[in-house]
Amino acid sequence: MKQIAHHVYVEPDMNENEKTELINIVQTAAKKVEALFGQRESTPITIYAKSKKALKKYANTNIGQTYYFPWNNYIVIGTNGFNEHVIAHEFTHAELRKRLKNSSKVPVWFDEGLAAMIDGRYSDNETVWNNQTNNGKNPINFNLLDTHSAFLPNAQSHINYELACYEVSRWYGVVGTSGLIKLIDDLNEGGHFDDHYKAIEKNGSGK
């Protein structure tokens with residue numbers, strides 16, 4: 001792989017127009033994450049695997065996936081992930097993982113909902129929420145969405161993304177960035193997710 005920008009790597013034969021486009025996409029995605037968290041602490045390495053050979057070596061999907069290692073996080077995108085939505089989604093995962101002392105402190109649905117909220121692909125979440133809950137009369141069992149398998153690519157997972165996106169967007173709309181940061185801080189101090197998630201919303205912000 002060849003480095004074309006800070007922490008951005010591509011195959012050596014990638015043309016200059018694609019390189020420029022990728023750099024612009026990465027910068028736009030990074031700004032989305034900065035807007036969400038206030039600033040960005042993570043510095044994941046982004047790898048664009050365009051060819052089948054590179055994709056087979058670095059990833060098991062041609063969209064996008066984040067790989068976590070003790071020394072850094074690696075985001076590998078394929079041709080279907082060559083856009084700011086997917087990269088912003090993966091950057092959000094990396095940022096949340098960087099800030100949490102224990103990533104298991106947040107349920108999978110919150111992690112995926114936060115990333116879905118920032119990537120912008122799940123704009124129909126309110127309609128899906130109303131359909132799935134009978135306009136709010138039937139609660140969603142989020143325990144069923146606390147597994148990575150619930151978000152593997154299929155028809156049901158798209159619904160799950162929409163539901164998670166709706167709930168996190170609703171919560172974030174109340175608490176804002178300060179509430180998100182407070183939740184992370186509280187969890188790092190040993191707090192339980194459900195307790196602090198609800199308490200921060202009740203207070204209306206992270207103050």
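Points to keep in mind about this one:
- Residues of the range 109-129 satisfying the condition of being more than 20 Å from ARG97 (Cα to Cα), open to solvent by less than 50 Å² (accessible area, probe 1.4 Å) and assigned to a helix (DSSP H, G or I): ASN125, VAL128, TRP129
- All strands (runs of 3 or more DSSP E) inside the range 1-87 with 1 or more residues being in contact (Cβ under 8 Å) with a residue 40 or more places away in the chain: 8-10, 45-48
- A single member of GLU34, GLU90, GLU21, GLU95 is within 14 Å of the chain's Cα centre (by Cα), at pLDDT 95 or above and open to solvent by 70 Å² or more (accessible area, probe 1.4 Å), and it is GLU34.
- A residue that is at pLDDT 95 or above, of a type in the set (Ser, Thr, Tyr) and open to solvent by less than 60 Å² (accessible area, probe 1.4 Å) occurs somewhere in the range 160-167.
- Here LYS101 meets the list (1) within 19 Å of GLU41 (Cα to Cα); (2) modelled with pLDDT of 95 or more; (3) surrounded by fewer than 14 Cβ atoms within 10 Å (Cβ to Cβ) almost entirely, failing just condition (2).
- Looking across the range 82-103, the residues that are farther than 11 Å from LYS32 by Cα and touching a Leu at 6+ places or on another chain (Cβ under 9 Å) come down to PHE82, HIS93, GLU95, LEU96, LEU100, LYS101, ASN102, SER103.
The values are calculated or read from the model by the stated rules, or taken from the named source; none is laboratory data. What you are looking at is a predicted structure, and each value in this text was computed from that prediction instead of being measured. Here the Cβ is made from the backbone with ideal geometry for all residues, glycine too, and neighbour counts use every protein chain on show. The protein model used for the area step is the full one, side chains on, heavy atoms only, and it has no ligands, DNA or RNA in it. Shrake-Rupley method; radii C 1.70, N 1.55, O 1.52, S 1.80 Å.
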